[in-house]
Amino acid sequence: MKRHPRTGELFASPVVPGTGWPGDQATPETPVATSAAQVAELAAGARDVTDLMAPTTVCRACPRLVDWREEVAETRKKSFADQPYWGRPIASFGVEEPEIAVIGLAPSAHGGNRTGRQFTGDPSGDWIFAALHRAGFANQPTSVDAADGLELEHVRMIPAVHCAPPQNKPNPQERDTCAHWLHRELDLVTPNLRVIFTLGSFAWSAALRAARALGWQVPKPQPKFGHGSEAVLHTRDGDPVVLLGCYHVSQRNTQTGALTVEMLDAVLNRAKEIIATD
């Protein structure tokens, strides 16, 4: 167990802000949100996506998620027992001015919560990064750890919830608290954004809530999620942003054939088509 050098709070993971973990933007002086109101305040104050990353990754506003992510980081999975765990909220990953925002649910307990990067070090990441590579959006098809050299083009991956939740299910209060980070990030990347690519119904709904919160025009009745579903949203300036639905790259979907390589590629290629014709 280690303590945050400024707040004194315990971290189960060996990783604390400012200790040199790859990509860590936080320092001992980074403000720590401990309530939904503080999350909203810190998110609103971020000047750009880089400025948003540091407070996101030290957030402690949801006690159940804090307890769970740190318990997992302390006990660890047997196959990763010799590895340090990130054990904190993960930051978004990718280019700072994306044309495509890929929104997922939350980091997995022994994937993102271990490696510190979304969809990294787990089977879901094997699927999504291989697909991004085939579409020309990633420089390599694998994502093993936060220092493996992976780079994205045109794309930014943004979780709807930044902490690993028990049973992969954040509750509504946790979802709404973390939504302040998501809403601000989408607002900051709006000028270049052309596609929101959602992995699963949770992400689809989170994207629609974000659009409404940002004052965008959303079709009525509310667009329904489905694999390959499309809806055109309009930003406050009237610019179109296409919302795309894709089944989540979870093992449940990929192992049962609910989501195939061809199905995933088809939706990503649709995203590629949209930004190419802009």
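Tell me, which residue of the range 251-264 that is touching a helix residue (DSSP H, G or I) at 6+ places or on another chain (Cβ under 6 Å) and modelled with pLDDT of 95 or more is farthest from His227 (Cα to Cα)?
For the range 251-264, the residue satisfying everything is Thr254.
Does the range 247-256 include one or more residues that are buried (at least 21 other Cβ atoms within 10 Å of the Cβ), under 20 Å from Val189 (Cα atoms) and not hydrophobic (A, V, I, L, M, F, W, C)?
No: zero hits.
Only residues in the range 173-188 that are touching a residue at least 40 places away in the same chain (Cβ under 8 Å) and in a helix (DSSP H, G or I) count as the first member; pair them with residues that are surrounded by fewer than 24 Cβ atoms within 10 Å (Cβ to Cβ) and among the hydroxyl-bearing types (Ser, Thr, Tyr), Cβ under 9 angstrom, at least 6 apart or cross-chain, and list the lot.
So the pair list comes out as Thr177/Ser35.
Looking at (1) of a type outside the set (D, E, K, R); (2) at pLDDT 95 or above; (3) assigned to a helix (DSSP H, G or I); (4) within 26 Å of Leu193 (Cβ to Cβ), which one does Gln38 not meet, given that it meets all the others?
Every listed condition holds for Gln38 apart from (4).
Output the residues belonging to the range 138-148 that are at pLDDT 95 or above and buried (at least 24 other Cβ atoms within 10 Å of the Cβ).
Within the range 138-148, no residue meets the criteria.
So that you can scan it fast, the table gives a plain yes or no per residue for (1) touching a residue at least 12 places away in the same chain (Cβ under 8 Å); (2) over 21 Å from Met263 (Cβ atoms); (3) not in a helix (DSSP H, G or I):
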site: Ala73; (1), (2), (3): yes, yes, no
site: Pro84; (1), (2), (3): yes, yes, yes
site: Gly125; (1), (2), (3): yes, no, no
site: His133; (1), (2), (3): no, no, no
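Filter the range 3-30 down to residues that are part of a loop (DSSP other than H, G, I, E, B) and either of a type in the set (A, V, I, L, M, F, W, C) or modelled with pLDDT of 95 or more (or both), then give me how many there are.
5
Would you mind finding the one in Gln140, Gln167 that is over 14 Å from the mean Cα position of the chain (by Cα) and part of a loop (DSSP other than H, G, I, E, B)?
Answer to the selection: Gln140.
Identify the single condition in (1) assigned to a helix (DSSP H, G or I); (2) in contact with a Phe, Trp or Tyr (Cβ under 9 Å, 6 or more places away or on another chain); (3) buried (at least 20 other Cβ atoms within 10 Å of the Cβ) that Ser205 does not satisfy, given that it satisfies every other one.
Checking Ser205 against (1) assigned to a helix (DSSP H, G or I); (2) in contact with a Phe, Trp or Tyr (Cβ under 9 Å, 6 or more places away or on another chain); (3) buried (at least 20 other Cβ atoms within 10 Å of the Cβ), the one that fails is (3).
Could you tell me which of the residues Glu74, Glu99, Glu70 is crowded, with 21+ Cβ neighbours inside 10 Å and at pLDDT below 95?
Glu70
The values are calculated or read from the model by the stated rules, or taken from the named source; none is laboratory data. Predicted model only: the values in this text are computed from it and were never measured. So basically every Cβ, Gly included, is an ideal-geometry build from the backbone, and we count neighbours across all protein chains shown.
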